[in-house]
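Participant: For reference, the structure I am asking about is given below.
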Amino acid sequence: MSKRVVITGMGIWSCLGTSIDEVKDSLYHGKSGIVFDPERLEYGYQSALTGKVARPVLKGVLDRRVRAGLPEEAEYAFVAGKQAFDMAGVDADYLAHNEVGLIFGNDSSAEPVIKSANIMAEKHDSALIGSGLIFQSMNSTVTMNLNTIFGLRGVSFTVSAACASGSHSIGLAYLLIKSGLQDMILAGGAQETNHYSMASFDALNAFSKRMDEPTRASRPFDRDRDGLIPSGGAAAVVLEEYEHAVARGANILAEVVGYGFSSNGGGISQASDDGSIIAMQRALDDAGIAADQVDYINAHATSTPQGDMYEAKALQRLFGGKKALISSTKSLTGHECWMAGASEIVYSLIMMGNDFVAGNANFENPDQYSAGLNITPVAVDMPVNVVLSNSFGFGGTNSALVIKKI
């Protein structure tokens, strides 16, 4: 018999804030975390826009040798994971006596790879690279480091599925708990934000050039959008089997009731309304929820002309005429990439817990595809009981999650 899966803790470290309260304030009041970073232009970027994420201060928190093996995104993941465990009432003693799993979505780390290559090019001596950069550069660096820091003994692996990684991580953790294979898993997503990490993305001409108006540059669904803004940080949630959570007296934030996925089968950067619909409908079917029961849709919409168009077409086909309000929190955060699917679940949980829907900032002029959608440009006070969150990525990977207030 399948188990129920609930969320008992969440953590966030993003350009909107480094605590749940800070992020709630940013979401509700439409405070953007996007800035102009001159270092990017000096490095050779076409666009200097980025989400500004504070680096956590871990000196005195973690041992020096542990810190040496942490790349930027693993630092973010640690603080977000610690927040989630703290909220869930999970301490070191609990972790030492119970099997807890870990699934994170993250990209490979650009900065340590570049530093290692520079050392080899200049010194021609691999002995000078050191173990820290080696551990930092592995694609499994987040789960490898967090397993060690928290002393976890359950399932552990990294999901790398482009910008759907964080969402797929939560979905896979949900399936493992639902099937009875684990009682608790920390799941999430992380993304580095340094100037090394997005140069190749900038080469695709994917970034907005609206550098004179940083906070107005991310314009999901708007007719005048001209590209996305890179961002990052980390987000984490504690997923737990319902009876297990009740037995230990945990506070339940919401229930994960549906996970859907698909692949488009087309070009490596080609979006698809058909693929998006399959993932969304599969998530709704898994949840046993009809489209007209959804209160809010956290859209993937990244502010790119093509991607937003295909998602708008999919949303119109599935939710046209339905009550669900739609917004993309990327209008405030930029695109948090491998982290986004996890952070947007945290943003949705914050809305659900505080009875509001965040606005789709900078949505001023609909295009022919978004004009018929129920997109709100400003925050709306309302009960939020059922949320659908979309995440799509390069290679045509699609993920959709449904969470529900208990």
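Participant: Under a Cβ-only charge scheme (Lys and Arg +1, Asp and Glu -1), can you give me the dipole magnitude of region 5-404 about the Cα centre, in debye to the nearest 20? Spell out each step's value before the answer.
Facilitator: On the way: 28 positive and 44 negative charges, 52 e Å.
Using only the charged Cβ atoms, the result is roughly 240 debye.
Participant: Specify whether the C-alpha gyration tensor of region 264-406 places it in the rounded, prolate or oblate class, a ≥ b ≥ c being the square roots of the eigenvalues: rounded for a/c under 1.5, otherwise prolate if a/b is larger than b/c and oblate if not. Provide the component values of the computation, followed by the final result.
Facilitator: Details: a/c = 1.38, a/b = 1.22, b/c = 1.13.
Rounded is the answer for region 264-406, as its axis ratio a/c remains below 1.5.
Participant: Of the residues G81, G232, G44, which exhibits the maximal mean-square fluctuation in a Gaussian network model of the chain defined by a 10 Å Cα contact cut-off?
Facilitator: G44
Participant: Okay, moving on. Around I12, with a cut-off of 11 angstrom between Cβ atoms, what is the net charge of the other residues, counting Lys and Arg +1 and Asp and Glu -1?
Facilitator: Numbers: positive: K24; negative: D21, E22, E336, E344.
Counting the neighbours of I12, the net charge comes to -3.
Participant: Using a 10 Å cut-off around each Cβ, can you sort S26, S116, S269, S391 from fewest to most neighbouring Cβ atoms? Before the final figure, lay out each step's value.
Facilitator: On the way: S26 22, S116 18, S269 15, S391 31.
By the 10 Å Cβ count, ascending, the order reads S269, S116, S26, S391.
Participant: Straight-line reach from K404: which lysines have a Cα under 17 Å away, not including same-chain ones fewer than 8 places off?
Facilitator: Partners found: K3, K178, K323.
Participant: Mean separation of Cα pairs under 8 Å and 6+ residues apart, divided by the residue count of region 5-404: what relative contact order is that in percent? Provide the component values of the computation, followed by the final result.
Facilitator: Numbers: 1049 pairs, mean separation 95.9, N = 400.
Computed over region 5-404, the figure is 24 percent.
Participant: Please tell me the relative contact order of region 182-232 in percent, rounded to the nearest whole number, where contacts are Cα pairs under 8 Å and at least six residues apart.
Facilitator: Working: 40 pairs, mean separation 19.0, N = 51.
Computed value for region 182-232: 37 percent relative contact order.
Participant: Moving on. Measure out, as a whole number of angstrom, how far apart the alpha-carbon centroids of region 18-44 and region 171-234 sit.
Facilitator: If we compute the Cα centre of each part, the gap is 13 Å.
Participant: For T8, T50, T397, what ranking results if the residue with the fewest other Cβ atoms within 10 Å of its Cβ goes first?
Facilitator: Values: T8 24, T50 27, T397 21.
Taking fewest neighbouring Cβ atoms as first place, the list is T397, T8, T50.
Participant: Among Y43, Y174, Y242, determine the one that fluctuates most according to a GNM of the chain built with springs between C-alpha atoms less than 10 Å apart.
Facilitator: Of Y43, Y174, Y242, the most mobile in the Gaussian network model is Y43.
Participant: By DSSP, what percent of the beta bridges with both residues in the chain are antiparallel, rounded to the nearest 5?
Facilitator: Working: 42 of 63 bridges.
Of the beta bridges lying entirely in the chain, close to 65 percent run antiparallel.
Participant: Report the label-to-label distance for K323 and M1 in nanometres (one decimal), using points 7 Å from each Cα along the Cα→Cβ vector.
Facilitator: Placing both labels 7 Å along Cα→Cβ, they lie 3.1 nm apart.
Participant: Let me ask another. Within the set K24/K313; K24/K115; K123/K209; K24/K405, which residue pairs have Cα atoms separated by over 26 Å? Don't jump to the answer; show the numbers that get you there.
Facilitator: Numbers: K24/K313 30 Å; K24/K115 36 Å; K123/K209 38 Å; K24/K405 18 Å.
Long pairs (Cα-Cα over 26 Å): K24/K313; K24/K115; K123/K209.
Participant: Around E111, under 13 Å between beta carbons, what's the net of Lys plus Arg minus Asp minus Glu among the other residues? Don't skip to the answer; put the middle values down first.
Facilitator: Working: positive: R55, K115; negative: E72, E73, E75, D107, E192.
In short, -3.
Participant: May I pose another question? Sticking with the crude label model, points 7 Å out along Cα→Cβ, report the distance from V35 to V61 in nm, one decimal please.
Facilitator: 1.8
Participant: Here's something else I'd like to know. Set Lys and Arg Cβ to +1 and Asp and Glu Cβ to -1, take the dipole of region 5-404 about its Cα centre, and tell me which of Q191, S348, P71 lies farthest positive.
Facilitator: Projecting each Cα onto the dipole axis, the largest value belongs to P71.
Participant: Of the candidates A187, A342, A371, which one comes out as most mobile in a Gaussian network treatment of the chain with C-alpha springs shorter than 10 Å?
Facilitator: Looking only at A187, A342, A371, the biggest GNM fluctuation is shown by A371.
Participant: Relative contact order for region 52-152 using alpha-carbon pairs under 8 Å, separation at least 6, rounded to a whole percent? Kindly include the intermediate steps, with their values, before the conclusion.
Facilitator: Numbers: 88 pairs, mean separation 41.4, N = 101.
41 percent.
Participant: Out of the GluC sites (Glu not before Pro) in region 1-106, which ones are loop residues according to DSSP with at most 16 other C-beta atoms within 10 Å?
Facilitator: On the way: sites: E22, E39, E42, E72, E73, E75, E99; in loops: E99.
Here the GluC sites (Glu not before Pro) that fit, given the DSSP loop and packing criteria, are E99.
None of the figures in this text is laboratory data; all of them are computed from the coordinates on show. Worth saying up front: this structure is predicted, and the values here are computed from it rather than measured. Note that we place each Cβ from the backbone using ideal geometry, even for glycine, and neighbour counts take in every protein chain shown.
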